[in-house]
Every structure is written in C-alpha cells, then in structure tokens.
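So the structure is just underneath, and the comments pick up after that.
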Amino acid sequence: MSPVHNLKINPQRLAQSLAALGQVGTLEGGGVNRLALTEADRLGREWTLARMRELGMAVTIDAIGNVTAIYAGTEDLPPVMTGSHIDTVRTGGLYDGNYGVLAGLEVVATLRDAGVRPRRPIAVAFFTNEEGARFQPDMMGSLVYVGGLPLAQALATRAADGHTVEEELQRIGYRGPAAVGCPVVDSFVELHIEQGPVLHQQGLQIGVVEGVQGISWTEFTIEGVSNHAGTTPMALRHDAGVVAVRIAAFVHDLALRYGGRQLATVGSMQLSPNLVNVIAQRAVFTVDLRNTDEATLACAEAEVHAFAAQCAAAQGVACSQRRLARFEPVAFDPLVVSLIEQETRALGLSALRLPSGAGHDAQMLARVCPAGMIFVPSVNGLSHNVNEFTEPDDLAQGAQVLLQVLMRLAQR
Ligand code: HGY
Ligand code: MN
Ligand code: MN
Ligand code: MN
C-alpha cells in the first residue's frame, strides 16, 4: 500500500475543531451567526488563523480578506489547494463552509504528525463572504481571487445596513497586505456538506460533485403610493405590497411549472411603511432562481421580469430591478472528478455523482485551475438552518477522502 493509504485523519480532532469554531457567533438554542465581516466573522477568522499558525503554516491575507495557509512540500511548485468559507448566513449551522476549511487543516495536521511532506505544497484557504447574505454577490472573495470581479468594485459594495466591504474589512483588520489575484494553483478540491437531501435519502456516503448549477439573484423595488387602508377604494390603489406578493407567487409557481431542476425562492421582502392600516408605498424583495441548464435559467429570468413589468403596470406602480449575482452553470474537471471517485471507491465508500445545488468557492477556482468537490450527507437535507447536521462518521469519511485526493494531486 502506498504511504498515502496508511495516513488516517483523526476524527476526534476534527469533531473538536468543528465544535470549537461552532462556539464563535453561536446562537441561543444552537446554530451560528457569523455574517461576513461582522465581529463574529472576525472572531471566527482569528480562531482559524491561530489554528493555521499552530500547524506551522505560512499565512497570507489578501486585500479582500481571503486567507491562504501553506503547508510546504518538498518542492516549490504550485500548491494543491483546498478550503471553503467560514462566514455563515444569519441562521447558519456548524458545517456549511467550516467543515471544508477545518477538514483541510485536519489533513495538514495528519501529514505533520506523520512527518509527511508531499511533493507539492498544500494550501488551505478560506474566502471572504462566500454566503453573499450581507454583501452580494455570493462567493465574492473567491470571485475577486480569480479575477472575476474587480477589487475596487467589491470593496465599494454596500450592505443594506449601510456599510461597505472596505469599511468592514478595515474595521475587523482584514484588509490584508497581499495583492489579490490567484497565484498559480495546481488544483482545487473543496469538501462540503451536500446541503440537500439526495445522499441522506439514498443512504449514500460520498457525493462526487460534477459541477454547480447556475444562480440568478435579482432585487426588485416596487414604488407605489401609500394611502389609508380604510378609505381608499380598491380601484384607486397603487399598492406596492400586492404587486410584490403576486410576483413572489408567480416565481414559486414558475418553478413548479418548469419542473426538473428549476428552483425559485423569494427569501427576503421588506414593505414600507409596513403598518397594518397603510397601503404599502414600497416593497423591496429578492428573487433567487437556479437551474443546471443555462438556457432554462435565462428563460425563467425573462418570464419573471416580464410578469413583474406587466403586474406593476396593471397596478400603476413603478418596478425596478438590480442584479445581485449571476453565475452560469460550472462543470468541474473530469480528471479531478474521476480521482475523487477512485479514492472514494478505494475506501469502500458508497458514492453518487451529482451537481451542486448550492454555490461554492470551488466554482470560482474552476476558472483558473482543475477543480472538484466532495460532498457528505446532510441529515434530512437541512442547511442554512440552525439544525444543520452531518453524522460524525460521515464527516470523518469525507475528510479521509479529501486527504487521499489531495495527496494524489500533491504527489504528481
Ligand atoms: O447561495 C448559495 O448557494 C451559497 O450558499 N452562497
Ligand atoms: Mn457553503
Ligand atoms: Mn451557504
Ligand atoms: Mn455556498
């Protein structure tokens, strides 16, 4: 057996690190809130950096706050990179993103304990604002890292709370000195929970991810006329609220009508003045559309925008849109996908090839190097939910697959 297959990650150490990071930004009753660039995110970054330094890794922080730690190889070659994110949504779980970063550090700890230096360096990264919950687009840090979004544009992005990315990076001390821009990376493999029901429903252990579906995020603003709920005849209203909810219902029904892999979500909606006896003057809401097929996704977008315009005109209100994020479907590198499948089989684990429903940093790194992803099951498919859970055995097995895949790539 080659030395790679003698190396075993330490499940207890991995579980302890997940629990420890899960204490940072913890919510009463469980779950985590570490929205990007908040104080909780800063504390999570500090904890993770300390862990990287304990492992003797050389750490770099770039101008958008991406953090990369290097475990040196025997040769100074482009590294094999792994990683994910440690920012969370407001009602996050312990595993989304965190698992991929901490499993990468567990792989390094295992190599260090065994005194093993692969030929290529191994890099473990966490990228800024993967979630896009506070600042859009999502995967912002990795998108800047691969040159897909100008740094200045990212830094100028303003959250609904009025702060810009630049201000918040400065405030938490993560406007790093290193220039952005991906140094040459040999390959990138991200380990992540599935966040959907497929593996858990089918009782499978590993997801061999073939790609990531397309994502379309749009913010709609409807401007009507506020008026008295008790005196304004229905025919004379310019009700921003009713237009917003009609569009939300249309979006939902469109996904049911399209079927297949079409998904549609209105997850955020604010009415103003938001009072029981005042016809809404303004409505601001978001539409999240996803599909593995680009043409179908574009068709869904066009239908939603046409309906919104027609619905607004009928009610005599103004409708404007702002694109928050738009990513076409991404296919991962077939050689990396196949290598993940080989190492999964070598461990005797059950596996399934599938697309990712969620966006991930790997889809950005795929623009600059061969990339792939490994999934482990999410119990009941729950994620972006404080009850997100993955069995410890599944966490350990995923990390073991990651170790073996990284070593195969790093020995090339
Ligand atoms: O929305 C997503 O898919 C990711 O969690 N940012
Ligand atoms: Mn994630
Ligand atoms: Mn997420
Ligand atoms: Mn994600």
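Taken as a whole, the stretch 2-11 holds at least one residue that is at pLDDT below 95, under 28 Å from Gln411 (Cα atoms) and assigned to a loop (DSSP other than H, G, I, E, B). The set of residues from the stretch 177-201 being of a type in the set (Asp, Glu) and within 16 Å of ligand 2 (Cβ to nearest atom) comprises Glu190, Glu194.
Considering only the stretch 252-263, state which residues are in a loop (DSSP other than H, G, I, E, B) and either closer than 26 Å to Ala160 by Cα or in contact (Cβ under 8 Å) with a residue 12 or more places away in the chain (or both). First the steps, then the outcome.
Quick first cut of the stretch 252-263, residues in a loop (DSSP other than H, G, I, E, B) only: 259-262.
Within the stretch 252-263, Gly260, Arg261, Gln262 meet the criteria.
Take the conditions (1) within 15 Å of ligand 4 (Cβ to nearest atom); (2) among the polar types (S, T, N, Q); (3) farther than 30 Å from Glu219 by Cβ; Thr110 misses just one of them, which is (1). Need pairs with beta-carbon distance below 8 Å; first residue closer than 12 Å to Met269 by Cα and acidic (Asp, Glu) and within the stretch 229-247, second surrounded by 19 or more Cβ atoms within 10 Å (Cβ to Cβ) and at pLDDT 95 or above; sequence gap 6+ or separate chains. Correct list of pairs: empty, since none qualify. Of all residues in the stretch 202-228, those satisfying the criterion of being within 16 Å of ligand 2 (Cβ to nearest atom) and under 26 Å from Ser268 (Cα atoms) are Val212, Gln213, Ile215, Trp217. From the list Glu391, Glu341, the lone residue that is more than 30 Å from Ala154 (Cβ to Cβ) and surrounded by fewer than 17 Cβ atoms within 10 Å (Cβ to Cβ) is Glu391.
What about Ala19, is it within 18 Å of Gly141 (Cβ to Cβ) and in the same structural domain as Asn385 (by the TED database)? Even if it seems obvious, please write down each step before you answer.
Details: within 18 Å of Gly141 (Cβ to Cβ): no; in the same structural domain as Asn385 (by the TED database): yes.
In short, no.
Checked against the criterion of being surrounded by 20 or more Cβ atoms within 10 Å (Cβ to Cβ) and touching a Gly at 6+ places or on another chain (Cβ under 6 Å), the candidates Val185, Val189 yield just one match: Val189.
Could you say which residue among Glu210, Glu190, Glu168 is under 27 Å from Leu18 (Cβ atoms), touching an Asp or Glu at 6+ places or on another chain (Cβ under 7 Å) and among the charged types (D, E, K, R)? Reasoning before the result, please.
Values: Glu210 fails: touching an Asp or Glu at 6+ places or on another chain (Cβ under 7 Å); Glu168 fails: touching an Asp or Glu at 6+ places or on another chain (Cβ under 7 Å).
One residue alone meets the criteria, Glu190.
Considering only the stretch 71-90, state which residues are touching a strand residue (DSSP E or B) at 6+ places or on another chain (Cβ under 8 Å), outside any strand (DSSP E or B) and within 10 Å of ligand 3 (Cβ to nearest atom).
We begin by selecting, within the stretch 71-90, every residue touching a strand residue (DSSP E or B) at 6+ places or on another chain (Cβ under 8 Å); these are 71-73, 79-86, 88.
If we keep only those that are outside any strand (DSSP E or B) too, we end up with 72-73, 79, 85-86, 88.
His85, Thr88 - these are the residues of the stretch 71-90 that are touching a strand residue (DSSP E or B) at 6+ places or on another chain (Cβ under 8 Å), outside any strand (DSSP E or B) and within 10 Å of ligand 3 (Cβ to nearest atom).
Can you find, within the stretch 290-334, the residue that is farthest from the chain's Cα centre (by Cα) among those that are polar (S, T, N, Q) and more than 25 Å from Met140 (Cα to Cα)?
Step one: filter the stretch 290-334 for residues polar (S, T, N, Q), giving 291-292, 296, 310, 315, 320-321.
Checking which are more than 25 Å from Met140 (Cα to Cα) leaves us with 310, 315.
Numbers: Gln310: 33, Gln315: 37 Å.
So, considering only residues that are polar (S, T, N, Q) and more than 25 Å from Met140 (Cα to Cα), the one farthest from the chain's Cα centre (by Cα) is Gln315.
Put simply, of Thr82, Thr48, Thr110 the only residue that is at pLDDT 95 or above and over 23 Å from Pro377 (Cβ atoms) is Thr48. If you go through the stretch 2-19 one residue at a time, do you hit one that is closer than 30 Å to Gly181 by Cβ and free of Cβ contacts under 8 Å to residues at least 60 places away in the same chain? Looking for residues that are closer than 30 Å to Gly181 by Cβ and free of Cβ contacts under 8 Å to residues at least 60 places away in the same chain, one finds none in the stretch 2-19, hence no.
If you go through the stretch 91-128 and keep only what is of a type outside the set (Ser, Thr, Tyr), assigned to a loop (DSSP other than H, G, I, E, B) and more than 11 Å from ligand 3 (Cβ to nearest atom), you end up with Leu94, Gly115, Val116, Arg117, Pro118, Arg119, Arg120, Pro121, Phe127.
The values are calculated or read from the model by the stated rules, or taken from the named source; none is laboratory data. What you are looking at is a predicted structure, and each value in this text was computed from that prediction instead of being measured. Glycine gets a Cβ as well: all are built from the backbone with ideal geometry, and neighbour counts include every protein chain shown.
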